[in-house]
Amino acid sequence: MDLDRPIPRRQFLKTTGLLTGVLAAGSPLALIAPSRAWAVELKALTTAEGRTLLMVSRTICPHDKLEDAAYAVVVQSVDADAAGDARTLAMLRAGIRRLGAHFATAPEPERVRRLKAIESSSFFQTMRTQTLGALYATPMAYAYFGYQGEAFSKGGYLYRGFNDLKWLPEVPLEDSGPVPGQGGT
Amino acid sequence: MTAIAHDDARAVVIVGSGASGGTLAHELTRRGIPVVLLEAGKRQSLATFTQVPGDAFAQLTWLDPRTQSGTSTVVQDYPTLPSWTCKTVGGTTVHWTGATPRLRPWEIKARTTYGDVAGTSLADWPIAYDELLRYYERAERRMVTTRRNGVPGLPASNNFKVMYAGAKKIGYKQVHTGYMAINSRPADGRAFCIQQGFCVQGCKTGAKWSTLYTEIPRAEATGHLDLRIECMATRIEHGPDGHATAVVYRDREGKEQRQKARIVCVACNAVETPRLLLLSESGKFPRGLANSSDQVGRNYVHHVGGFIWGLFEKPIESWRGTTLAGIIEDEIVNRPQRGFVGGYHLELCALDLPSFAQVGLPYGWGRSFASIIDDYRNIAGLFITGEDLSRSTNRITLDRRVKDAHGLPVAHIHVDEHPNDTAMRTHAQTQGAKMYDAVGARRVVHTRQTPAAHNMGTARMSARPEEGVVNAYGQSHDVKNLFVCDGSQFPTPGSANPTLTIVALTLRQAEYIERQMSAHEI
């Protein structure tokens, strides 16, 4: 994912498709991205195929306010596999054909219906696995879902809210333990 | 580093450097016994552990191919990952969560306690509980287990507060932050836990006990340890008298090497341990080494498991804090009126966001599925750890159709779930839902069985040679200078996370090996 650099011409010549978009102003992603414009180059899939797979991914895990840029990472991952393996590319193209015409622009219930019909296919299972594997592992997803990620570099959560929940009673000391540095032992 | 010659037949060769292999290496070398420790994986450190969950999984996990079959839902849900173990110096003590509960006295008498349950191969352990208890106490001191020997418990995280309140509301009495080999205060030259929540990625503070940075460096400091990393054992050789003589392995360049041995100790976790014994088949031992009883690979157990998540209205931020620091002990009882024999632990659990989406959820997709992830900030979590019943047909065999990078048949795991296991999991899921409902959850979801991190039983101890693979000290009934050190020895699993029991048995085994060597028995 390149969120801001212009695409070098030499690299552009090697790409087969391109997914682009503009982040909504004020979205969590816009706050962490260097620029609101984003582009993902595809090495094996065409732009139309990429758009279709992006909507497959969004239909599998719909998060309405999560930007297309996040789903484009899934397509990028699928495309990278297809670029290295002709059988994967053929499998993806066969799957896209089975989805029928205009999948990417069909309303959600129709997209769900078409995906349900091929749920047992390796195409669908690949797209589901790739979506679960790639969609939630990016800084964009961390920001969207409010996940703070690693804390070792900041001294852990010990003094950064690991026990800040106030809507339930505190646990008696005999069933928990002292917070280091806050008395007790 | 100490170098031991390949033809030095005085060496004890230990295969695997995890909870058992790493600890045994320390125990033997501190007694002056020369040890060659073979480890298939690489060596990481606090500095090289990564905080990117997917990268950590790739860095630490045993990803060599394995195949599987059976009615277990893991076969469909995780086709390429039947079990979740490590390939790295320190073995599974690098990714473990640090939970160190003890087995209960009645759990090591499963055959006597549960009776003759159809479709099982239950057995009693050939060890008296009082004796096991002595070694538990030593292991707990070694690992600095919380709530034992005056070591304070870990503090309560947000996730634990939800678990505690719910458990108390439905009447559970024994609920606390667990017996954990994670420092609640500085100890053993290691830091205290800073509640960072990255236990399974490798603990970057070293607060969590791991042989990687406790037992193994101490063994190295004795000057008697030759640790060989990226060395994959492929075969144990024996002489005409049937005694083990050498371990054949591939070094990091893929070149075949042979280390002579006075004693061979197999500590490869309960999938690879039987695989190595089966790969060591010979004219004298056509069914594999130590397998005259035909029990090698059988009685594979892995614990009834699964996640339970409560979705609440308010933030919990369960990723903040020690991953598994919380336990409910009330269901660790044998009460057949519940509809099953054996007991289970309910343990606190949280997952980082990528892992939550990938392995933490029931199979699904679409709106209902994605809405669980939308609630990620507001989830509280539990993990079930319960006793699954031993079955002789649940077993590890060699899959001769699929070869690893060295051209050797991979391990095949067959698991048919016993109805008792299913009933136990359903009971635990119901109890978990009651707990979370009692404190205002608006939705509770649970998963099916997840890939086993607790693998046991595949080279079981037995008093009678025809009923098992090793004696009560892990010594092969057939080959006197061959030992099994890991959870493969367990006749049955009980419901406790296995690492403490593995370390306790290892401390006991080391004393036995020293006695046998001194008496020139081996």
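No value in this document is a laboratory result; all are computed from the given coordinates. From a predicted model like this one, the values you see are computed outputs, not experimental measurements. We place every Cβ from the backbone using ideal geometry, glycine too, and count neighbours over all the protein chains shown.
Things worth noting here:
- Scanning residues 5 or more positions from B:Thr245 or on other chains, those with amide H under 5 Å from its amide H are B:Glu237, B:His238, B:Gly239, with H placed 1.01 Å from N in the peptide plane.
- Greater than 21 Å apart at Cα, pairs in A:Lys43/B:Lys403; B:Lys169/B:Lys314; B:Lys161/B:Lys314; B:Lys204/B:Lys314; A:Lys154/B:Lys204: A:Lys43/B:Lys403; B:Lys204/B:Lys314
- Taken over the C-alpha atoms, the stretch A:9-145 has Rg and Dmax values of 14.6, 41 angstrom.
- Residue order, fewest to most surrounding Cβ atoms within 10 angstrom, among B:His6, B:His243, B:His520: B:His520, B:His6, B:His243
- Radius of gyration, Dmax [the protein assembly as shown; alpha carbons; angstrom]: 26.0, 80
- As a proxy for reagent exposure, B:Ser355, B:Ser392 were ordered by neighbouring Cβ count within 10 angstrom, fewest first; the result is B:Ser392, B:Ser355.
- Cβ crowding within 10 Å averaged over residues, with A:96-108, B:131-143, B:179-191 ranked highest first: B:179-191, B:131-143, A:96-108
- Kirkwood hydrodynamic radius over Cα pairs of chain B, then Stokes diffusion coefficient at 37 °C and 0.692 mPa s, in µm²/s: 143
- Where both bridge residues fall in chain B, DSSP classifies roughly 70% of the beta bridges as antiparallel.
- With respect to chain A, whose longest principal axis is taken over its alpha-carbon atoms, helix A:68-84 is tilted by about 60°.
- Angle between chain B longest axis and helix B:129-143 axis [Cα atoms, degrees, rounded to 10]: 80
- Degrees between helix B:419-438 axis and first principal axis of chain B (Cα, 0 to 90, nearest 10): 40
- The order of B:Met163, B:Met1, B:Met424, going from fewest to most other C-beta atoms within 10 Å of their C-beta, is B:Met1, B:Met424, B:Met163.
- The charge dipole of chain B, taken about the Cα centre with unit charges on the Cβ atoms of Lys, Arg (+1) and Asp, Glu (-1), comes to about 800 debye, rounded to the nearest 20.
- Set B:Lys87/B:Lys168; A:Lys65/B:Lys87; B:Lys87/B:Lys255 screened for pairs whose C-alpha atoms are more than 28 Å apart: B:Lys87/B:Lys168; A:Lys65/B:Lys87
- Rounded to the nearest Hz, the phi-derived 3J(HN,Hα) couplings of the stretch B:162-176 under the Karplus curve 6.51 cos²θ - 1.76 cosθ + 1.60 (θ = phi - 60°) are 5, 4, 5, 5, x, 4, 5, 4, 9, x, 5, 10, 9, 10, 7, where x marks glycine and proline.
- Just so you know, the Cα atoms of the stretch B:1-134 work out to an Rg and Dmax of 19.4, 53 Å.
- Interatomic Cα distance distribution for the stretch B:112-201, bins of 5 angstrom, percent: 3, 11, 15, 15, 14, 14, 15, 10, 4, 1
- Taking the Cα atoms of the stretch B:284-394, the ratio Rg/Rh between the radius of gyration and the Kirkwood radius comes to 1.14.
- Cross-link partners for A:Lys166 among the aspartates and glutamates, with Cα-Cα distance under 14 Å and sequence neighbours closer than 8 places in the same chain left out: B:Glu313, B:Glu317.
- Contact order normalised by residue count of the stretch A:9-145, Cα under 8 Å, 6+ apart, percent: 27
- The stretch A:97-168 and the stretch B:234-292: distance between their alpha carbon centers, rounded to Å: 45
- Each residue of the stretch B:442-451 is assigned a 3J(HN,Hα), and the resulting list reads 9, 6, 10, 10, 9, 9, 7, 4, 9, x Hz, derived from the Karplus form 6.51 cos²θ - 1.76 cosθ + 1.60 (θ = phi - 60°), x at Gly and Pro.
- Cα-based reach from B:Lys284 at 16 Å (exclusive), listing lysines while leaving out same-chain residues under 8 positions away: B:Lys480
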